[in-house]
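Accompanying notes for the structure given below.
The values are calculated or read from the model by the stated rules, or taken from the named source; none is laboratory data. This structure is a prediction, so every number in the text was calculated from the model and none was measured. Note: ideal-geometry Cβ built from the backbone for every residue, glycine included; neighbour counts use all protein chains shown. Calculation scope for accessible area: heavy atoms of the full protein, side chains included, ligands and nucleic acids excluded. Shrake-Rupley method; radii C 1.70, N 1.55, O 1.52, S 1.80 Å.
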Amino acid sequence: MINYIPRRFTVIRDKDKCVNCGCCVRQCSNECHYFDDDGKTVLCNSNTCVACHRCVDLCPTGALRIEKYVCDYNENANWTPQYQQEICRQANTGSTLLSAMGTPKPYPIYWDHILLNASQVTNPSIDPLREPMETRAILGRKPEKLEADKKGKTTTKMPPQIIIETPIMFSAMSFGSISLNAQKSLAMAAKELGTLFNTGEGGLHPDLYNLSDYAVVQVASGRFGVHKDYLKNSKCIEIKIGQGAKPGIGGHLPGEKVNVEVSNARMIPEGSDAISPAPHHDIYSIEDLRQLIWSLKQLTDNKKPVSVKIAAVHNVSAIASGCARAGADIIVIDGFRGGTGAAPTRIRDNVGIPIELALAAADQRLRDEGIRSTVSLVAAGSFRCSSDIVKAIALGADACYVASAPLIAMGCHMCGTCNTGKCNWGIATQRPELTKRLNPEIAHKRVINLITAWTHEIKEIMGGMGINSIDSLRGNRLMLRGIGLSEKELEILGIKHAGE
Amino acid sequence: MLKEGQIRIPSGCAIAAIIDKKGNKINGSEIIKSISLMHDRSNGLGGGFAAYGIYPDHKDENAFHVFYDNVEARKTCEEFLFKHFNIDVAERIPTKPVPSIDLGPDIWRYFGKANRVRMKTSRLDEDEYVAQCVTKVNNSIEGAYIFSSGKNMGCFKAVGYPEDVGEFYMLDRYEAYLWTAHGRFPTNTPGWWGGAHPFNILDWSIVHNGEISSYDTNRRYIEQFGYICTMQTDTEVITYLFDHLLRHHNLPIEVAADVLTAPEWDEIDRMPEDKKEYFTTLRAIYSGALVNGPFSVILGSNKGLLAINDRLKLRSLTAAIKGDRAYFASEESAIRIICPDPDKVWSVSGAEPVFIPLEIEEEVDE
């Protein structure tokens, strides 16, 4: 056939172990598994397998295994099978290619080229089991100086601040792109951990009103779900200008995902496509951003910090500085390896810059302008473990946003097909038979475990450095050394090479 | 080998200080006796003293102590100083040869007032003018280093053990109401005279024991405000933090001490509401100025003496009171050798700064 694209995986069924119970048939929304005409024998068609491992995980006899399907092409380092398949797909449909999750391309991951320091002899390391080890961070606009005439009393009027007990927050994922159960799990975990979750541009479902003290509510270009109570029932308001996975473009939630619940939360008709425009049509310049920030603050009686989220693009440091000067209390920079529910493949894989470089450049720029201490800087765009977070804070972040990691804790296997709405783990889907698979009571505990474990690790690493407060890690680039990086990369990161 | 300023050199140390609250004078031999008892806490690669009240005849003028590596540096620096200040006296600081101290830089001192015309043109207040002039010399004149610039006070330092440095500068000929002393144990240094302590800017002088782990956080915080940490030492950054908080933010000295050694959140959360608000606000605004890791610091000034210790009490610091005098030292023995029978002796606890104010204001000429 002219449009042949080899399948990606093969489902291997061990006939000796399979008892034909049909569990896999019921679990697979991609319809890989089916009963033979006899109604008794389970067979499978691997063509639609995405390697989400749901069937493998739930098979009671362990009879299933997923294998990569290999169909060799002529070797060609330039015309790889992937490009040929993508061309074939576009020739079939005439459409933009879509992808989900962060880019899988092998771009440099600077976290893996940065090493951390520890104390020896001249400066004792601190045992976090014996000594207090502080991970509390305070986000929001800070005055330049304290007003205090005498010890113990201050007359400083502080703008609204957010106290988080761990420097890890949950990044924006809207109800619509993920299920209510998934969002609820994050919200419940945020409450227990003393941190925040983020509504994305999906509005706030009434089931989560009681958790709104832990919510960052987004105001994005589609303005979905934005109304007075939404803004007032929050801990923080975030203006989303851009997203690391798809800088410069908007979003598209297909109508089939817009069920009655999603339509209510977003305040759009049921079944209609929710299209967020590429720009905010009331922000065509930095002065417009200033006005939006100002109106949001007016509307909420200056009680909510306003954050501005931008994608890490080439000129990110100047843009971050502009946002600070336009009145943003918190600046979020989202790196190009950041995840997404759906993005045009070409954009996701080619637009933007890594968070490490963007964060280092923006932090330094704000310092050069003498305004770093008055605003908060949050980094996003793929943190895989606690040491990534420690490195980001040492580069200059006040806190980090994570999204993929807690999703993996809830069951996600990074199959990268969120955009199909068939998530077998009940995360990136609105189908009731799938979403009910995710039990928030269980899922939120797993997320708490994950963040608690990371926070323990952060404390352990800080203790090793002889630091007992995250405040003293922030921007402490002497704690970092590059390994295998060029002079230019070291210069931008503002760190020395290992051995120096 | 790179010298201080080109590379960051961690070091351990001994510190000592004496203050007479009423402003009565103490001879330099006292502080030498105290610091020399802690000989083993230094390794001969740096020692120094700061003395307050030693130049009563020039009390309204800035006293600049300068190291010169060569004649050329002196000419350039003097040209600068004579242009920016009305210099009354220019002289070599008297020293006597001490076998253990190698031939070092040429050491000069100048007394002078800021040139009022230049100061007014620059639209800076006197302190800022002096501070900027000192920074200018130290950053741009190769081979010249102003290591003391306050009024009616001076720093004396060299590469050597502190007791030898005291003998070298003949400190038994100086009388001061406040002395601080420092013996250095750098882990790696080519031994540069400018790298010895105390570190001074204007009337502030700092002696410090420890290696702070928050160094780069503090450096990057303070460099936002025009400071340049050329020495890359803890002492330098701590001095600049104090200078910034006291002079630019007008904070009382105890509040500045709270910024550097703020209590832990566990403790703050249990405080009464007003104190809780005070510390929460303070920590939120000055998170970059919190000093972390082991340290004990003594800040000398014409207003008094401040001693602070790290939050976990990782470094030793003992205090004692006898009559009008207060004593501080890394080890209690170094106090007892000059004050065998103190009224009160205690160990300075972490996050609990001790401030001994000078109770008499120096006479001010109207």
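Suppose we keep just the DSSP beta bridges with both residues in region A:249-341; what percent of those would be antiparallel, to 5? Around 40 percent antiparallel, to the nearest 5.
Of the trypsin sites (Lys or Arg not before Pro) found in region B:133-168, none is in coil by DSSP with at most 15 other Cβ atoms within 10 Å of its Cβ. At an R0 of 41 angstrom, the distance between the Cβ atoms of residue B:321 and residue A:155 translates into a FRET efficiency of 0.80. Among the chymotrypsin sites (Phe, Trp or Tyr not before Pro) in region B:148-214, none is located in a DSSP loop while being surrounded by at most 12 other Cβ atoms within 10 Å of its own Cβ. Where in region B:34-78 is the amide nitrogen less than 18 Å from a point lying 7 Å along the Cα-to-Cβ axis of residue B:360? Zone members listed by number: B:52-60. Longest stretch of chain A clear of exposed loop sites (chymotrypsin sites (Phe, Trp or Tyr not before Pro), DSSP loop, at most 15 other Cβ atoms within 10 Å, sites excluded): A:285-500. Span-like helix check, chain A: qualifying full DSSP H segments, with Cα axial length of 15 Å or more and mean Kyte-Doolittle of -0.5 or more, are A:180-193, A:286-299, A:355-368, A:440-465. Cα centroid distance between region A:54-99 and region B:87-147, in Å? Spelled out, the Cα-based centre of one part sits 73 Å from the other. Which residues does the label zone of residue A:3 cover in region A:72-90, counting backbone N under 12 Å from a point 7 Å along Cα→Cβ? Counting only backbone N, you get A:88-90. For the set A:275, A:353, B:201, the ranking by accessible area, highest first and with no ligand, DNA or RNA atoms included, is A:275, A:353, B:201 under a 1.4 Å probe. For region B:265-321, the spherically averaged projection of the C-alpha convex hull amounts to 5.6 nm². Taking chain B as a Gaussian network of alpha-carbon nodes connected by springs under 10 Å, the highest mean-square fluctuation of the residues B:217, B:239, B:318 belongs to B:217. The trypsin sites (Lys or Arg not before Pro) of region A:250-310 meeting both criteria, a DSSP state outside H, G, I, E and B (loop) and at most 16 other C-beta atoms within 10 angstrom of the site's C-beta, are A:303. Measuring r between the beta carbons of residue B:69 and residue B:344 and using R0 = 45 Å, the FRET efficiency lands at 0.45.
Projected label points at residue A:227 and residue A:209, each 7 Å from Cα along the beta carbon direction, are separated by 1.1 nanometres. If you take all other residues with their beta carbon under 10 Å from the beta carbon of residue A:213, and give Lys and Arg +1 and Asp and Glu -1, the sum is +2.
For residue B:128 and residue A:350, the FRET efficiency from 1/(1 + (r/R0)^6), where r spans their Cβ atoms and R0 equals 56 Å, is about 0.65.
Give me the Debye-computed log₁₀ of I(q)/I(0) at q = 0.10, 0.14, 0.20 Å⁻¹ for region A:417-500, equal point scatterers on Cα only, no solvent, two decimals. The Debye formula, applied to the Cα set alone, gives -0.54, -0.75, -0.89.
Binning all Cα-Cα separations of the protein assembly as shown at 20 Å, short to long from zero, yields these whole-percent fractions: 14, 40, 28, 14, 4, 0. For residue B:351, the residues 5 or more places off, or on other chains, whose built amide H falls under 5 Å of its own are B:309, B:311. Taking one quarter of the surface of the convex hull spanned by the alpha-carbon atoms of region A:181-222 gives a direction-averaged projected area of 2.8 nm². Each stretch of four or more DSSP H residues adds -39500 (n - 2.57); spread over every residue of chain A, this sum gives -8500 deg cm²/dmol at 222 nm.
Working value for region A:1-133: equivalent-ellipsoid semi-axes of 42, 29, 13 Å, each the square root of 5 times a Cα gyration tensor eigenvalue, largest first. According to the Cα-based calculation, Rg over Rh for chain B is 0.95, with Rh computed by the Kirkwood formula. For region A:127-207, the ratio of Cα radius of gyration to the globular rule of thumb 2.2 N^0.38 Å stands at 1.51.
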